[in-house]
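The block underneath contains the structure these notes are about, expressed in structure tokens.
The values are calculated or read from the model by the stated rules, or taken from the named source; none is laboratory data. In this text the structure is predicted, and so the values were computed from the model without any measurement. So basically every Cβ, Gly included, is an ideal-geometry build from the backbone, and we count neighbours across all protein chains shown.
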Amino acid sequence: MSRGILTYFMLLCCCSVALGQSRDESAKKFTFGVEQSYAATLYSYEYHYFKNHEGAREVIDKGSFIYDSDSEFNLHCGYNFNPNWNLSLYAGFTGLGSFHKAVPISFRATRYFGDTQLKDRWFTFLDAGTGISIKSTPEAIIAGKLGAGYRLSLSKSTKLDFLCALRVVRTHPDISDYDQAAIPENVFLNEGIVGSLAFGIGLTF
């Protein structure tokens with residue numbers, strides 16, 4: 001799956017460069033910034049298959065529409081291929097509902113509408129990547145976002161973004177067996193999915 005994501009972004013970058021040849025060359029520059037989001041968890045699913053402390057095999061399979069609030073903080077750096085396309089690397093800290101905290105790392109491809117960076121404009125983006133969960137036994141996560149927003153051009157180099165996104169994260173939450181943590185060697189399958197709606201604000205320079 002990681003190879004497919006990397007291939008997608010490479011193709012996206014190639015297309016962006018080709019489309020931008022007739023654009024203003026001054027738009028090609030590096031960017032960096034900060035982003036803060038409020039994430040409202042709306043759906044949570046978990047599946048656990050393990051051997052409990054009594055030695056019997058047990059399955060927990062449950063999903064629910066439940067509200068939980070988290071925050072997400074990211075730093076990012078990227079490159080404008082032309083006035084309409086940017087590819088950036090994001091890294092930060094976030095909560096994943098009732099499961100645990102995590103450090104996500106992802107690539108974000110952003111499409112801006114309009115031909116100049118000096119005007120306010122709408123944008124859409126696709127964000128995909130991985131990260132590390134913060135819990136008793138850290139494990140890798142897979143995260144993705146699909147969203148849109150509006151950019152205010154405060155100056156030639158400073159932009160203020162307002163955004164909204166659907167976030168989906170696949171993780172491996174801790175297993176509780178009668179108030180005792182499950183022994184890792186006795187866990188056969190452990191999956192969790194968190195679906196959230198995120199609202200954020202960011203500054204890009």
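Determine, yes or no, whether HIS76 is of a type outside the set (Gly, Ala, Ser), over 11 Å from the mean Cα position of the chain (by Cα) and more than 24 Å from LEU203 (Cα to Cα).
On the way: of a type outside the set (Gly, Ala, Ser): yes; over 11 Å from the mean Cα position of the chain (by Cα): yes; more than 24 Å from LEU203 (Cα to Cα): no.
Spelling it out, it is not the case that HIS76 is of a type outside the set (Gly, Ala, Ser), over 11 Å from the mean Cα position of the chain (by Cα) and more than 24 Å from LEU203 (Cα to Cα).
The set of residues from region 119-139 being more than 18 Å from PHE162 (Cβ to Cβ) and either modelled with pLDDT under 95 or polar (S, T, N, Q) (or both) comprises THR130, SER133, ILE134, LYS135, SER136, THR137, PRO138, GLU139. Output the residues belonging to region 102-118 that are charged (D, E, K, R) and at pLDDT 95 or above. Within region 102-118, ARG108, ARG111 meet the criteria. Of the residues LEU154, LEU160, LEU203, the single one that is without any contact (Cβ under 8 Å) to a residue 12 or more places away in the chain and under 30 Å from LYS29 (Cβ atoms) is LEU154. Of the residues making up region 50-84, those that are over 21 Å from ASP174 (Cα atoms) and in a loop (DSSP other than H, G, I, E, B) number 2. Quick check on my filter: what residues within region 85-116 are over 19 Å from ALA198 (Cα atoms) and surrounded by fewer than 21 Cβ atoms within 10 Å (Cβ to Cβ)? Those that are over 19 Å from ALA198 (Cα atoms) and surrounded by fewer than 21 Cβ atoms within 10 Å (Cβ to Cβ): LEU87, PHE113, GLY114, ASP115, THR116.
For region 20-48, taking the residues that are surrounded by fewer than 16 Cβ atoms within 10 Å (Cβ to Cβ) and at pLDDT below 90, the one that is farthest from the chain's Cα centre (by Cα) is identified as SER22. Checked against the criterion of being outside any helix (DSSP H, G or I), touching a His at 6+ places or on another chain (Cβ under 6 Å), of a type in the set (D, E, K, R) and under 30 Å from ILE60 (Cβ atoms), region 154-172 contains not a single residue that satisfies it.
Within region 85-104, is even one residue of a type in the set (S, T, N, Q), touching a helix residue (DSSP H, G or I) at 6+ places or on another chain (Cβ under 8 Å) and in a loop (DSSP other than H, G, I, E, B)? No, because not a single residue in region 85-104 is of a type in the set (S, T, N, Q), touching a helix residue (DSSP H, G or I) at 6+ places or on another chain (Cβ under 8 Å) and in a loop (DSSP other than H, G, I, E, B). Anything in region 110-169 that is over 15 Å from TRP85 (Cβ atoms) and among the polar types (S, T, N, Q)? List them, or say none. Selection gives THR130, SER133, SER136, THR137, SER153, SER155, SER157, THR158. Filtered by the rule that a residue be farther than 25 Å from LYS145 by Cα and hydroxyl-bearing (Ser, Thr, Tyr), region 41-66 gives a lone residue, TYR49.
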